[in-house]
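Contents: one structure, followed by commentary.
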Amino acid sequence: MKSKQHIFTGTETAMAYAISAERLCENNTNFLKANPTCVPIFVSLLYQSLEISIKQAGIDSGLFTLQEVLHRQYRSGHGIEEIAALAVEKLGGNNFEPVIMAMTFKNQKNNSAEIINQMICGKKLKRTRECYASRCLGYAQVSEGDFAIIKPVKQWVDAVKETALNLPSAINVITQWKNTAKKSEHFLIWLNK
C-alpha cells in the first residue's frame, strides 16, 4: 500500500500559521484591542507555528521521533514546553537555553530569543501555554486572561515567523549538537556558508 503524499512540509506549515497570525494584525495595530474575541485565535496561531517548528527541528535532526513527541504530549495535548523539554533531555541539558538558541540561531529581529523563551517557559505565559495545549479554544471554553499577548505584537509575530523561516538552520544546529553532546560537555557547531 502506498503512503499518502503530504501537501505541505512542516516548515511550510509553521510558516503558514505565522503568516496567518501576521495577517490578522497587518493593517491595523489595534485590531486585537478592537476584536478581543480574536486574541485566543491569534495567540493559538503563533503557538501552533512554534510547536510545529520545534517538532520539525527535532524530528528532522534525528533528535527524537514523532512517536516520542506524541507519547510525551499524550497528557497535555500540544504542550510546547513538553516538546522543548524532550529536546533538552535528548541533548543532555538541564534548561531550555540550547533549544531556544538553536531555534533562534539565525533570527535577526530584536528580542527574538527572549520572545521564544517566553513562549516556551516564561512565567507570564504559563496559563496561555496550558490553555493552548488543552485545546480549550476548540470547545469555546476560554476565560478572561487565558490568552496573554506579548507586546509589541509585531515583534512577537516577527520572532515566530522568522523561527519558522530559519527552520533549516535550527535543524543543522541541533544535528551538530546532537552529534557532539555525548562526547563533550559543550555543544559545538560549524557554520556552513
Does region 124-143 contain at least one residue that is in a loop (DSSP other than H, G, I, E, B), modelled with pLDDT of 85 or more and surrounded by fewer than 22 Cβ atoms within 10 Å (Cβ to Cβ)?
-> no
For region 37-78, enumerate the residues that are of a type in the set (Ser, Thr, Tyr) and surrounded by fewer than 18 Cβ atoms within 10 Å (Cβ to Cβ).
-> 37, 65, 74, 76
Flag for residue 45 being on the phi < 0 side of the Ramachandran plot, within 14 Å of the chain's Cα centre (by Cα) and among the hydrophobic types (A, V, I, L, M, F, W, C) = yes
Is it the case that residue 54 is at pLDDT 95 or above and either outside any loop (DSSP other than H, G, I, E, B) or out of contact with any helix residue (DSSP H, G or I) (no Cβ under 7 Å at 6 or more places or on another chain) (or both)?
-> yes
Among the residues listed as 26, 89, 81, the single one being within 18 Å of residue 177 (Cβ to Cβ), surrounded by fewer than 20 Cβ atoms within 10 Å (Cβ to Cβ) and of a type outside the set (Lys, Arg) | 89
Any chance region 18-25 includes a residue that's in contact with a Lys or Arg (Cβ under 9 Å, 6 or more places away or on another chain) and of a type in the set (D, E, K, R)?
-> yes
When region 92-105 is examined, which residues are found to be surrounded by fewer than 17 Cβ atoms within 10 Å (Cβ to Cβ) and not in a helix (DSSP H, G or I)?
-> 92, 93, 94, 95
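The values are calculated or read from the model by the stated rules, or taken from the named source; none is laboratory data. Keep in mind it's a predicted model, so treat the numbers as computed, not measured. Cβ sites come from the backbone with ideal geometry, for glycine too, and all protein chains shown count toward neighbours.
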